[in-house]
Amino acid sequence: AFVKTNLYCYSMKKILLVEDEVHVVSFIKKGLTEEGFEVSVVFDGKTGVQIFNDRSFDLVILDIMLPEMNGLEVCKEIRKVNTSVPILFLTALGTSENIVLGLETGADDYLVKPFKFIELVARIKTLLRRTEHVSAQQPDPQGDFIFRVGDLELNDYTKTVSRADRVISLTTTEYRLLLFFMKNKSKVVSRVDILEEVWGVNFDLGTNVVDVYVNYLRKKVDFVPENKLIHTVIGMGYVLKEH
């Protein structure tokens with residue numbers, strides 16, 4: 001039986017489910033429909049990309065092992081045209097290496113098979129709340145949405161980033177990482193802190209996913225070598241600060 005948790009309005013939210021296991025599709029579609037979601041299903045990766053490009057979706061659920069085009073490739077193709085839509089991986093490949101590979105491809109979250117339906121719903125609602133957070137906010141005349149470190153500025157209302165009047169384009173994950181740094185400017189944050197805040201993972205994956213994303217961010221933010229803002233604190237983590 002499916003337990004409805006109507007703490008938040010999700011009616012008419014459109015979800016694209018790309019999954020080739022018929023019994024899994026039936027289970028997920030039935031439950032999410034009862035939760036008030038509109039679910040479109042495709043059974044192979046290539047068709048998933050085509051459908052995503054043809055329609056508008058609020059969230060994508062991807063299996064990794066798919067015919068025609070695997071889920072990682074689908075995720076990459078989606079990210080070429082849309083950096084903000086939440087993507088949730090469903091995978092039977094539950095090792096930390098596979099999980100990190102999915103996150104590095106551009107996914108926002110993952111769920112290892114077999115899973116409980118109530119957990120799937122919780123993950124979906126968390127991702128949708130993140131996406132809709134800005135639309136629920138109102139501009140604050142005191143500038144509570146503006147974060148600055150040196151000549152780097154992040155506007156969390158418009159979701160824009162610039163440095164020295166140069167606009168910086170970030171992926172969703174890169175943006176959340178930078179926002180976390182800016183909210184904690186001058187404070188050393190550990191890799192575990194970053195994993196919990198940015199990826200919602202409350203344990204050390206034992207991989208270098210954090211270091212990989214910090215490097216991605218550095219390439220975009222620290223384009224002035226003599227004035228770097230993101231610093232490594234050996235053995236402790238990272239800190240965003242001026243020299």
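Computed in the context of the full set of protein chains, the accessible area of segment 162-243 at 1.4 Å probe radius has 49% of its extent on carbon or sulfur. A simple count of charges around residue 186, restricted to other residues whose Cβ falls under 14 Å of its Cβ and scoring Lys, Arg +1 and Asp, Glu -1, yields +4. Of the solvent-accessible surface of segment 20-87, computed with a 1.4 Å probe and all protein chains present, 50% belongs to carbon and sulfur.
In this structure, residue 155 and residue 26 have a Cβ-Cβ separation that, at R0 = 45 Å, corresponds to a calculated FRET efficiency of about 0.55.
Note that segment 14-111 presents 42 Å² accessible area per residue, ligands and nucleic acids not counted, probe 1.4 Å. Average accessible surface for segment 158-228: 52 Å² per residue, computed with a 1.4 Å probe over protein heavy atoms with every protein chain in place.
Quick check: Cα centre of segment 22-49 to Cα centre of segment 174-243, how many Å? Taking the Cα centre of each part, segment 22-49 and segment 174-243 sit 35 Å apart.
The values are calculated or read from the model by the stated rules, or taken from the named source; none is laboratory data. These figures come from a predicted structure and were not determined experimentally. Heads up, the Cβs are rebuilt from the backbone with ideal geometry, glycines too, and the neighbour counts pull from every protein chain shown. Keep in mind that these areas ignore ligands, DNA and RNA; they rest on the heavy atoms of the full protein, side chains included. Shrake-Rupley method; radii C 1.70, N 1.55, O 1.52, S 1.80 Å.
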